[in-house]
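In what follows, a single structure is set out as structure tokens and then discussed.
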């Protein structure tokens with residue numbers, strides 16, 4: 001898959017079949033559109049192309065710094081690559097770009113720059129300045145500029161009954177089965193391993209501390225989870241804690257603090273991961289985070305968590 005960081009860098013020699021959207025999560029609803037896109041591109045000898053935007057439009061237009069997304073750009077790119085997409089265009093979303101009229105967007109961007117011959121889009125898609133153009137306007141543009149518009153109907157989309165918002169709410173509630181079912185894959189966290197205080201090793205549960213750079217990435221509800229990762233080419237299971245380690249640190253969460261610690265104890269693994277960038281797939285939720293009366297009580301609970309983890313992955 002070819003990834004292009006701006007519309008201006010697109011190679012205009014290749015006519016495209018395209019779809020447009022943020023595709024946060026690339027969930028099973030999105031995949032109906034993407035699978036149809038890839039199939040149509042192959043039939044008509046076009047390049048299957050997704051046009052997406054970063055930052056998320058809400059971050060720019062509504063100054064919604066608090067929005068949490070299901071995928072980082074790198075995660076989304078990898079998911080789309082695995083689906084078999086040929087081209088991904090990640091265009092910087094700015095206020096200036098948002099002011100393009102519908103005509104300017106279609107004529108200058110889609111037709112002249114991206115050479116579209118077919119667009120596959122949801123029935124409720126809106127575009128242009130103030131989102132004032134709809135699917136009927138797009139079909140009229142298609143007639144004027146000689147490209148085909150294929151509409152994904154309300155019935156087809158509602159049939160899946162999935163949205164990125166539903167998945168976010170499930171993760172915030174710690175409902176991993178629902179989130180993973182809607183996504184069609186295990187929710188992931190990606191980051192770099194950083195050094196910690198070493199307290200886990202002292203009680204027989206050495207942990208890897210995962211630092212997630214992207215503050216917009218949604219972190220699931222605090223608590224303990226069963227996870228898996230691929231480390232040095234091998235699948236490794238473990239358990240992960242999201243929270244503030246109240247038993248050993250005495251820290252509590254304040255209303256303006258989202259810097260949860262993400263710590264993973266891998267089973268049957270004792271190699272150095274410091275500064276390695278790894279992906280963690282979340283499989284199950286074990287329990288809420290608790291404040292224990294002593295380190296011994298914490299250790300006893302971790303033993304129970306480990307046993308429960310083995311039961312869940314066996």
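A few notes on this one:
- Here the condition is being more than 30 Å from residue 277 (Cβ to Cβ), touching a residue at least 24 places away in the same chain (Cβ under 8 Å) and surrounded by 14 or more Cβ atoms within 10 Å (Cβ to Cβ); of 156, 172, it holds for 156 alone.
- Note on segment 215-224: among residues that are at pLDDT 95 or above and more than 16 Å from residue 304 (Cα to Cα), the one that is surrounded by the fewest Cβ atoms within 10 Å (Cβ to Cβ) is 222.
- Filter result (in contact (Cβ under 8 Å) with a residue 60 or more places away in the chain and either assigned to a helix (DSSP H, G or I) or buried (at least 17 other Cβ atoms within 10 Å of the Cβ) (or both)) within segment 5-21: 7, 8, 10, 15, 16, 17, 18, 19, 20
- Condition check for residue 147: surrounded by 14 or more Cβ atoms within 10 Å (Cβ to Cβ) and within 30 Å of residue 112 (Cβ to Cβ): yes
- Residues that are at pLDDT below 95 and under 13 Å from residue 23 (Cβ atoms), drawn from segment 54-82: 54, 56, 57
Conditions tested, residue by residue: (1) over 25 Å from residue 176 (Cα atoms); (2) at pLDDT 95 or above; (3) under 24 Å from the mean Cα position of the chain (by Cα).
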{"residue": "266", "(1), (2), (3)": "no, yes, yes"}
{"residue": "270", "(1), (2), (3)": "yes, no, no"}
{"residue": "280", "(1), (2), (3)": "no, yes, yes"}
{"residue": "285", "(1), (2), (3)": "no, yes, yes"}
{"residue": "289", "(1), (2), (3)": "no, no, no"}
{"residue": "297", "(1), (2), (3)": "yes, no, no"}
{"residue": "305", "(1), (2), (3)": "no, yes, no"}
{"residue": "308", "(1), (2), (3)": "no, yes, no"}
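- Flag for residue 78 being farther than 18 Å from residue 52 by Cα and out of contact with any strand residue (DSSP E or B) (no Cβ under 7 Å at 6 or more places or on another chain): no
The values are calculated or read from the model by the stated rules, or taken from the named source; none is laboratory data. These figures come from a predicted structure and were not determined experimentally. As a convention, Cβ positions derive from the backbone with ideal geometry for all residues, glycine included, and neighbour counts pool all protein chains shown.
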